[in-house]
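Peer 1: Structure provided below as structure tokens; questions to follow.
Nothing in this text is a laboratory measurement; each read-out follows from the coordinates by a stated rule. These numbers come from a predicted model, not from an experiment. Glycine also receives a Cβ, built like all others from the backbone with ideal geometry; neighbour counts cover every protein chain displayed.
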Amino acid sequence: MIQCVHDTAVVLLSYNGKDLHKDFFPELIAESTGRYDIILIDNASTDGTLQYVQEHFPTVKTIRIATNHGFANGYYEGLLQIKAKYYVMLSADFEVSPNWFAPLHSLMEANVDIGACQPKIKYFRDKKMFEYAGAGGGFMDKWGYLFCRGRIFFTLEEDTNQYNDTIETFWAGGGCMFLRAEIYHQLGGLDRDLYAHMEEIDLCWRMINHNQRIAYCGSSTVYHIGGSVISYGSPAKIYYNYRNSLILLTKNLPFSRWIWLFPLRLILDGVAGARALLRRDFKEIKMIIKAHFHFYAKFGYWWKKRKASNPSGYDAIKHNNGVFKESIVWQYFGKGKKLFTDLAMPTKIIKWL
């Protein structure tokens, strides 16, 4: 067990990330003085990552996972070995900026009912743009479709300081996710069955179902390369997007909503398959079919997880401030509303200074 010196452990899960650590560790270490411990979880790397970090960055504590069973499992096993008040799950392909940490830490200290939060996440290769995975805060629509401020489906926004506020959201991006450790462990941590996609959203949804809030802090900024775990548009990404969406709905929705929303999502997935067929995108069609068959094959297993995920039957779609009460699919594809500001969605400001 690693006992942290500070109250926060910034924890990086790495698989063959030696080159990323060479580039990004110096700034992360420089910002750490008097603020946080840095811990590397080496997820069975084969490129000498662990040895490289131990030799070149001796202040970084290390944990080794013997076998790589995916992103969620790596963090699940690693965080069990770390004692701290807060965790920051920070992916290896992130660059931090000066003073990235203090606003997030202050937000968590001032609001004991916030289980997780994220900073502003921008694109490393074009730093004026928001990045796909988290952007300016994560939201969900009434049908369970996910989107962000600063990124809706295929449209990324330029950062013009329009999202510098601190607000309540539905989910926080797992690439840089500030967590209250006690709540994380009480809820059983990341769901290893999700492997490497939407595990952070499932965790946030479970937190909301257990009376915790999720937040976005616009006064902290980090930069993400993107696509390092599963590349965007890859067959694996498509597969986990469809399969894990079905798992999240089944685990976390109250039965009164699941009984009609779930069949509707099956129909909408069929529409997506038909759209892919018109484009002759047989890769996507194959992954949609595979995802559904794999989900149905273990339906009883997913169903059993409902009791722990939502014991009170709380309806987050009806009550949570991070849910868009209309269809984001219709707004984007049907009405051409590509930006978050086009949605006229109210957001709840968190006052904490």
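Peer 1: As a test of the formula, what do you get for the chain when each DSSP H run with n ≥ 4 contributes -39,500 (n - 2.57) and the sum is divided by the residue count, at 222 nm and rounded to the nearest 500 deg cm²/dmol?
Peer 2: The helix-only estimate for the chain comes to -11000 deg cm²/dmol at 222 nm.
Peer 1: If you add up the charges near D7, with Lys and Arg at +1 and Asp and Glu at -1, over every other residue whose beta carbon is less than 13 angstrom from its beta carbon, what do you get?
Peer 2: Residues close to D7 contribute a combined charge of +1.
Peer 1: Next question, about the same structure. Taking the Cα atoms only, what angle lies between the long axis of helix 101-110 and the longest principal axis of the chain, rounded to 10 degrees?
Peer 2: 70 degrees
Peer 1: Output the peptides 237-249, 301-313, 169-181, 26-38 sorted from most to least packed, where packing is the average of other Cβ atoms within 10 Å over each peptide's residues.
Peer 2: Those peptides, ordered most packed to least, come out 169-181, 237-249, 26-38, 301-313.
Peer 1: Relative contact order for segment 222-306 using alpha-carbon pairs under 8 Å, separation at least 6, rounded to a whole percent?
Peer 2: After rounding, I find 43 percent.
Peer 1: Counting only residues 5 or more places away or on other chains, whose amide H sits under 5 Å from the amide H of W171 once H atoms are built in the peptide plane?
Peer 2: Counting only residues 5 or more places away or on other chains, the set is G138, F139.
Peer 1: With θ set to phi - 60° and the Karplus curve 6.51 cos²θ - 1.76 cosθ + 1.60, what are the ³J(HN,Hα) couplings of segment 250-255 in order, to the nearest whole Hz, using x for Gly and Pro?
Peer 2: Values, residue by residue: 5, 6, 10, 6, x, 4 Hz.
Peer 1: May I ask for the equivalent-ellipsoid semi-axes of segment 1-120, computed as the square root of five times each C-alpha gyration tensor eigenvalue and listed largest first in whole Å?
Peer 2: Working through the eigenvalues yields semi-axes of 23, 16, 13 Å.
Peer 1: How would you rank 343-350, 287-294, highest first, on the average number of other Cβ atoms within 10 Å across their residues?
Peer 2: Sorting 343-350, 287-294 by mean packing, highest first, produces 287-294, 343-350.
Peer 1: Another question, then. Would you kindly compute the Cα radius of gyration of the chain and its largest Cα-Cα separation (Dmax), both in Å?
Peer 2: Values for the chain (Cα only, Rg and Dmax): 19.5, 57 Å.
Peer 1: Under a 5 Å amide H to amide H cut-off, with H placed in plane at 1.01 Å, what residues pair with S327 once short-range neighbours are removed?
Peer 2: The answer is none.
Peer 1: Please compute the contact order of the chain in relative form: average sequence separation of alpha-carbon pairs under 8 Å and at least six residues apart, divided by the residue count, as a percent.
Peer 2: 19 percent
Peer 1: Same structure, new question: So for each of 260-272, 107-119 I average, over its residues, the number of other beta carbons within 10 Å; can you give me the resulting order with the highest mean first?
Peer 2: 107-119, 260-272
Peer 1: Are any of the pairs K290/K338; K61/K85; K18/K298 more than 25 Å apart by Cα-Cα distance, and if so, which?
Peer 2: Over 25 Å apart, Cα to Cα: K290/K338; K18/K298.
Peer 1: Amide H of V88 versus every other amide H placed in the peptide plane: which residues, excluding those fewer than 5 positions away on the same chain, fall under 5 Å?
Peer 2: Excluding prolines and chain starts, which carry no amide H, the hits are A9, V10, V11, L179.
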